[in-house]
1. Can you confirm whether region 49-59 contains a residue that is touching a strand residue (DSSP E or B) at 6+ places or on another chain (Cβ under 6 Å), part of a helix (DSSP H, G or I), modelled with pLDDT of 95 or more and surrounded by fewer than 21 Cβ atoms within 10 Å (Cβ to Cβ)?
2. Return the total of residues in region 21-48 being more than 15 Å from Ala81 (Cα to Cα) and not in a loop (DSSP other than H, G, I, E, B).
3. Among all residue pairs at least 6 apart or on different chains, which show Cβ distances below 6 Å where the first residue, located in region 119-130, is under 14 Å from Pro172 (Cα atoms) and the second is buried (at least 17 other Cβ atoms within 10 Å of the Cβ)?
4. Consider region 110-131. How many of its residues are surrounded by 14 or more Cβ atoms within 10 Å (Cβ to Cβ) and out of contact with any Leu (no Cβ under 7 Å at 6 or more places or on another chain)?
5. Which one of these is modelled with pLDDT of 95 or more, more than 19 Å from the chain's Cα centre (by Cα), part of a strand (DSSP E or B) and β-branched (Val, Ile, Thr): Val177, Val194?
6. Can you list residue pairs whose Cβ atoms sit under 6 Å apart, with the first residue in region 31-55 being without any contact (Cβ under 8 Å) to a residue 24 or more places away in the chain and the second being of a type outside the set (Lys, Arg) and part of a helix (DSSP H, G or I)? Count only pairs 6 or more apart in sequence or on different chains.
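The values are calculated or read from the model by the stated rules, or taken from the named source; none is laboratory data. All figures in this text were calculated on a predicted structure; none of them were measured in a lab. Note: ideal-geometry Cβ built from the backbone for every residue, glycine included; neighbour counts use all protein chains shown.
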Amino acid sequence: MARHRDEPGWEAALAAQLASGLLPSDARFNRLFGERLVPLAALHFTPVAVAARAAAWLTAGGATSVADLGAGAGKFCLVGAAVTGADYTGLEARPGLVEVARDAARRLGLPAARFVQADVLTAPLARYDAFYVCNPFAEGEAEPDEWLDPVLPAPDKIAAATALAARLASVPAGTRVAVHCGLGAPMPDGFRLVSSEAMGRRGALLECWVRRR
């Protein structure tokens, strides 16, 4: 008989499923984040299939240390750590979401998925050799309480996205950047678009960019 997802140990079964190459449904995976975040997951969190595809592409370029810039509850890093051999670090400003992500990594037994409370506009990026971005300032369009930490003001989305794009302009040649649902600003000069595929919610694009040599 199949294990019910709410029975003790269902998280370990979920991790094993991912490690075997079988992707669980988003509805099943999102239960990791708790009842308060489940209603938001379909709109704001990276779909499992997108996360797996992006992680595979980033690591195929040789990346061993991948950063999610604006990690939210950590879904991309969790999936990436389960399906590839790289280390993943989620940078997220909101402490409540960082704690949710850390708890999910612990329950899944994924030490390669780490989460740090940090501002992506100031955090050091040189230690990472590939990046994932999923419209990181979209919370500016949501009620602050929906993101667990209402004390943090919503950023000016356009200004923040433009500043993040400027930071990406300084990464070394050959660096891969996967973007889902847009960056919120144009990618900086010096990047080449390798592929663009509609997948995930409402046909949002997964774009694969490489910093030109």
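1. Looking for residues that are touching a strand residue (DSSP E or B) at 6+ places or on another chain (Cβ under 6 Å), part of a helix (DSSP H, G or I), modelled with pLDDT of 95 or more and surrounded by fewer than 21 Cβ atoms within 10 Å (Cβ to Cβ), one finds at least one in region 49-59, hence yes.
2. Final tally of qualifying residues: 14.
3. Tyr128/Ala67; Asp129/Ala63; Ala130/Leu58; Ala130/Ala63; Ala130/Val66; Ala130/Arg176
4. Residues that pass the stated criteria total 7.
5. Val194
6. Val38/Asn30
Here's the yes/no breakdown for (1) at pLDDT 95 or above; (2) polar (S, T, N, Q); (3) within 20 Å of Arg176 (Cα to Cα):
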position: Arg36; (1), (2), (3): no, no, no
position: Ala42; (1), (2), (3): no, no, no
position: Ala63; (1), (2), (3): yes, no, yes
position: Val79; (1), (2), (3): yes, no, yes
position: Ala86; (1), (2), (3): yes, no, yes
position: Asp103; (1), (2), (3): yes, no, no
position: Arg106; (1), (2), (3): yes, no, no
position: Ala118; (1), (2), (3): yes, no, no
